[in-house]
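Notes follow once the structure below has been shown.
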Amino acid sequence: NAGVTQTPKFRVLKTGQSMTLLCAQDMNHEYMYWYRQDPGMGLRLIHYSVGEGTTAKGEVPDGYNVSRLKKQNFLLGLESAAPSQTSVYFCASTYGTKLNEQFFGPGTRLTVL
Amino acid sequence: ILNVEQSPQSLHVQEGDSTNFTCSFPSSNFYALHWYRWETAKSPEALFVMTLNGDEKKKGRISATLNTKEGYSYLYIKGSQPEDSATYLCACFQGAQKLVFGQGTRLTINP
């Protein structure tokens, strides 16, 4: 099993450009999450999904959109990138109850110039 | 958004010494507490998931306790080794669907 994978691993964007980050999991997990990690801030939740076709806002959703068209994939989109979105982005998935650990992907390092 | 606090923010420990650090969270509407270990350049990996007051979990030299009535959890490492160097994250469930993470405790083991 590959677990949780993220594409791409690194990306540099100019302000105003758009991009999509892809998260894929092969563990048949219901719940998927997108976090951003910034120095001194820990992991902050951007958006999450409790199942195929559903999404919900997290703590810092502004400037991002998500889609969960297939159970195994969770896409994070930046429509018009800003320097404040420079961060490391982690995707995670879990079976879906509070008793289950989250499994994290390797992260995507995004720089917006 | 509930507030999850970890202390200290960073810690330097001599190899062979034991250490512990704290995670504090609101005691009301508690669902579950997770501990994750996060090595540099890697992804967070789960250590423990705890739900019951008084719960104690152990994995090798690492153990954790939970007090849901007063809103804290301790993580203990016995006989620290260089490979224990990492950031340790705790997280609490807000509602039934999402974790709120603390800022982490960065542990460095000095040989």
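The values are calculated or read from the model by the stated rules, or taken from the named source; none is laboratory data. No experiment lies behind these values; they were computed from the predicted model shown. As a convention, Cβ positions derive from the backbone with ideal geometry for all residues, glycine included, and neighbour counts pool all protein chains shown.
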Whichever residue in the range A:1-18 is of a type outside the set (K, R) and crowded, with 17+ Cβ neighbours inside 10 Å and, among such residues, is farthest from the other protein chains (Cβ to nearest Cβ): A:L13
- prompt: Just for strands (runs of 3 or more DSSP E) wholly inside the range B:1-93: which have at least 1 residues that are closer than 30 Å to A:P61 by Cα and touching a Leu at 6+ places or on another chain (Cβ under 6 Å)?
  reply: B:33-38, B:45-50, B:72-77
- prompt: What pairs come up if the first residue lies in the range A:60-71 and is touching a residue at least 24 places away in the same chain (Cβ under 8 Å), the second is surrounded by fewer than 15 Cβ atoms within 10 Å (Cβ to Cβ) and polar (S, T, N, Q), and their beta carbons are under 9 Å apart, counting only those six or more places apart or on different chains?
  reply: A:R68/A:T54; A:K71/A:N28
- prompt: Would you call A:P61 at pLDDT 95 or above, more than 29 Å from B:T51 (Cβ to Cβ) and either within 13 Å of chain B (Cβ to nearest Cβ) or surrounded by fewer than 14 Cβ atoms within 10 Å (Cβ to Cβ) (or both)?
  reply: no
message: So, in the range A:75-105, exactly how many residues are in contact with a strand residue (DSSP E or B) (Cβ under 6 Å, 6 or more places away or on another chain), in contact (Cβ under 8 Å) with a residue 40 or more places away in the chain and either under 25 Å from B:T51 (Cα atoms) or within 14 Å of chain B (Cβ to nearest Cβ) (or both)?
response: 12
statement: Inside the range B:94-111, the number of residues satisfying the requirement of being of a type in the set (S, T, N, Q), assigned to a strand (DSSP E or B) and over 19 Å from B:A41 (Cα atoms) is 2
- prompt: Residues B:S10, B:S43: which one is in contact with a strand residue (DSSP E or B) (Cβ under 6 Å, 6 or more places away or on another chain), within 14 Å of chain A (Cβ to nearest Cβ) and loosely packed, with under 13 Cβ neighbours inside 10 Å?
  reply: B:S10
- prompt: Can you name the residue in the range B:77-111 that is aliphatic (A, V, I, L, M) and within 29 Å of B:L2 (Cβ to Cβ) and is also surrounded by the fewest Cβ atoms within 10 Å (Cβ to Cβ) among such residues?
  reply: B:A96
message: The conditions are (1) under 14 Å from the mean Cα position of the chain (by Cα); (2) more than 10 Å from chain B (Cβ to nearest Cβ), and A:Y33 fails exactly one of them. Which is it?
response: (2)
